[in-house]
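A quick write-up on the structure given underneath.
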Amino acid sequence: MSDKMKTVLVFKTSVATEKEVRRLSQSLNQLINKNGQWNFDLEDCDNIFRVETECPDVWAIATLFQNLGFRCEELH
């Protein structure tokens, strides 16, 4: 049995409310494959978005946020 390694990506965002998270959730669920997970930490000063997935696509994630009117910057 071979499990693919999951990658964790962390982003600083302009998402500040639960309402904004709900606005993004359907698109994020479609983008992050069924083996991935994502969450926001809105209590953090950088409104952190974390995603754990087998197939990370930083460009697609950032583009999705930008297309919906939010800033999103990967933290290294």
The simple spin-label model distance between residue 25 and residue 63, using points 7 Å out along Cα→Cβ, in nm, is 2.6 nm
Any idea what the dipole of the chain comes to, in debye rounded to 20, about its Cα centre with Lys/Arg Cβ at +1 and Asp/Glu Cβ at -1?
-> 280 debye
Out of 11, 40, 67 - ranked by how far each Cα lies towards the positive end of the dipole of the chain, with unit charges on the beta-carbon of charged residues - the top one is 67
Between residue 74 and residue 5, what is the spin-label point distance in nm, taking each point 7 Å from the Cα along the Cα→C-beta axis?
-> 1.5 nm
For the range 22-37, Karplus couplings with θ = phi - 60° (6.51, -1.76, 1.60), whole Hz, Gly/Pro x = 4, 4, 8, 4, 4, 5, 5, 4, 6, 6, 8, 4, 4, 8, x, 9
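Rule-based calculations on the coordinates, nothing more; no lab input. Not measured: the values here are computed from a predicted model. Backbone-built Cβ (ideal geometry, glycine too); neighbour counts: all protein chains shown.
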